1. Please list, ordered by chain and number, the residues whose modelled amide H lies under 5 Å from the amide H of residue 54; skip anything fewer than 5 residues away on the same chain.
2. Note the full-extension length gain between residue 36 and residue 48 as 0.36 nm times their separation in residues minus their Cα-Cα distance, in nm to one decimal.
3. Arrange the following residues from fewest to most other Cβ atoms within 10 Å of their Cβ: 55, 140.
Amino acid sequence: MRILTCPGQLQRLEDALRKSLPASLPVLGAVMTVARGNPAAHQVLVDSWPDFAVVLTRLHPEELADPGDFYANQLTAFYREEGAWRAVLGSPEAVDWSRAFQMQGERGGEPCAEPPVPGTRLTGLSPGMQDGVHEAVSEVAAAKGLRVK
């Protein structure tokens, strides 16, 4: 994963994401926030540049004070290729599965998860993005001993 910080790269990414509205809206909003001063201390990650297949936004790791707070630990994602998205989900440098988090993704209702074993982390998804996000996250979570609902 590559972290984008250059204003020119962020502008180019904004332009590309605008072409994929409305599916890219949650990520586009986060990218615009980062490009305009980043008051929320987020990072913008892409799987490759400039020909990206996946964009992921998250809070800077040093800003993650409470590992159990999945409201503060929000991720947004947009992908063009499902295989690339699944690879990113499995990458420890992209998603820290030891922390509770909420991911903006396609799934109506049910925005949180229950750990199958006491002591494991909670993971949540919110409605409103792309088809396939919930399924991919659920599969990776299950492989890590988590259950998403």
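Values in this text are rule-based calculations from the coordinates and carry no lab data. It should be emphasised that the depicted structure is a prediction, and the values quoted were computed from it without experimental measurement. Note that each Cβ is placed from the backbone with ideal geometry, even for glycine, and that neighbours are counted across all protein chains shown.
1. Amide H neighbours of residue 54: 47, 48, 80.
2. Taking residue 36 through residue 48 to full extension adds about 2.1 nm, to one decimal.
3. In increasing order of surrounding Cβ atoms, one gets 140, 55.
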